[in-house]
Amino acid sequence: MPNRAITAAPFIKRELSEPYETLLGGQAAHHLLATAFADVLHPSESRLSPDDLYDLVDALPLNQKAENLLAAIELAPVRPASAAEANRVAKQIVRAARNLGVS
């Protein structure tokens, strides 16, 4: 019987429980961080399209999305203008999530 890879995506809960989701920025923050993530990584030698990069990170909860964006910004040789605001928001989300005990 062949081994079948099981994708974890259906088991990841994108939204945090309330009040954490709202306190960390809600849907507007999801969109801002995912868009910036795609913008930061696409100009590099990524084999993924901007839409694929957006979808990849958009499946994550806000605190993980923020951490991924901060890591991507550190690795990016060129940072698009859209990353500046998202970088600030991501840092706030990571700090607030830690203070709230959201992991």
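What follows draws every value from the coordinates through simple rules; no lab data is involved. Note that this is a predicted model, so its numbers are computed, not measured. Here the Cβ is made from the backbone with ideal geometry for all residues, glycine too, and neighbour counts use every protein chain on show.
Starting from one equal scatterer on each C-alpha and no solvent at all, send me the Debye-based log10 I(q)/I(0) for the chain at q = 0.11 Å⁻¹, two decimals.
-0.34
Specify which residue in the list Leu23, Phe37, Leu53 is farthest towards the positive end of the charge dipole of the chain, using unit charges on the beta carbon of Lys, Arg (+1) and Asp, Glu (-1), about the Cα centre.
Leu23
Within the chain, which is the longest segment containing none of the GluC sites (Glu not before Pro) that sit in a DSSP loop and have at most 14 other Cβ atoms within 10 Å?
It works out to 46-103.
Given charges of +1 on the Cβ of Lys and Arg and -1 on the Cβ of Asp and Glu, with all other atoms neutral, how large is the dipole of the stretch 18-100 about its Cα centre, in debye to the nearest 20?
Around 380 debye, computed over the stretch 18-100.
Rounded, prolate or oblate: which one fits the stretch 30-74, using the alpha carbon gyration tensor with axes a ≥ b ≥ c (rounded when a/c is under 1.5, else prolate when a/b beats b/c, else oblate)?
oblate
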